[in-house]
Ligand code: NAP
């Protein structure tokens, strides 16, 4: 690519940022669309975030991504936050507006678009969310208006309880129920969509899975493991061995990037372009 006086700049703020795959996504999208844009990861400490966001605005930075550990703390630094991001309590994309940056969350719309692309329905589903961290919470918030029931299964019961309470308030019905990791056998027999949102099974601990009990695994018709390294987790393997379908989190990563790129550049990325970027991502893992 050629950098010149018209090159638009987008940046990623996080700590650490060394292993991010986002530059692969945005460089490929810029190339495929012919948009003159660069994307640069910047390691920023928490105490420097305010100056970083102000500095980005002063430097005419078009857009920013924000990753761990800044997704929540960036919110007070923005001039507006969209409704979904506010509900989730986490922002991963900043779009330049007149007086500063507007914060959005493209992780969850990214997960929805990934599921759509894989042909996974969520409407009226019975769902098991494994984990009660930041992402599990966002998943439960996003699903609560659409699904029939959500079991939130977590090692620390208190966190699962908090999410279930919040989600039930948003939904205005008792859609979510907290379950302790040791008590997963209380989930009634049935066929479930499972979203694996714990860290268990991530590289280099590839041989681990959060639950390995065959009786539990048999209840899952489809699993979405948000981990993408390794590309097939032990959890996914267990579900496949039991006859279920299993997907990893790479498409969620892809689509959260695509949605950010679309917002920054006011373009629509086609499925064909998305497929090209997905292959590049797979190869870069
Ligand atoms: P987080 O806030 O740190 O939450 C981690 C969750 O994992 C908690 O529920 C924690 O349980 C559970 N956990 C950790 N170690 C465990 C263990 N040994 N046994 C049982 N449970 C354990 O993390 P997060 O930000 O929500 O991220 C969760 C996952 O999503 C990660 O795997 C991350 O890679 C993935 N992710 C994917 C994408 C994507 O684009 N595909 C984007 C973001 C995140 P406790 O509450 O008991 O500690």
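Taken together, the values in this text are just the output of simple stated rules run on the coordinates, not laboratory data. In this text the structure is predicted, and so the values were computed from the model without any measurement. Virtual Cβ from ideal backbone geometry, glycine too; neighbours counted across all protein chains shown.
The table that follows gives values for the structure above.
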read-out	value
DSSP bridge pairs, the range 1-104: antiparallel proportion in percent, nearest 5	40
Cα gyration tensor, the range 178-285 - rounded (a/c under 1.5), prolate or oblate	prolate
Principal-axis tilt of helix 49-58 within the chain, Cα atoms, nearest 10 degrees	40
Mean residue ellipticity (222 nm) of the chain, computed from DSSP H runs ≥ 4 via -39,500 (n - 2.57), nearest 500	-11000 deg cm²/dmol
Crossing angle, helix 22-33 versus the chain [Cα axis fit, 0-90 degrees, rounded to tens]	60
Along principal axes, Cα extents of the range 103-219, largest first, whole Å	35, 29, 26
Relative contact order for the range 152-285, counting Cα pairs under 8 Å that sit 6 or more residues apart, in percent	16
Distance from the range 2-31 to the range 152-192 (C-alpha centre basis), Å	38
Ratio of the Cα radius of gyration of the chain to 2.2 N^0.38 Å, where N counts its residues	1.02
Paramagnetic label zone (point 7 Å from Cα along Cα-to-C-beta, residue 121; backbone N under 13 Å) in the range 176-194	193
Cα gyration tensor, the range 1-152 - rounded (a/c under 1.5), prolate or oblate	prolate
0 to 90° range, to nearest 10: angle between helix 134-143 axis and the chain longest Cα axis	80
Cα-based equivalent ellipsoid, the range 158-238: semi-axes from gyration tensor eigenvalues, Å	24, 15, 12
Shape of the range 125-194, Cα gyration tensor, a/c cut at 1.5	oblate
Rounded to 5, percent antiparallel among DSSP beta bridges of the chain	20
Mean separation of Cα contacts under 8 Å (6+ apart) over length of the chain, as relative contact order %	16
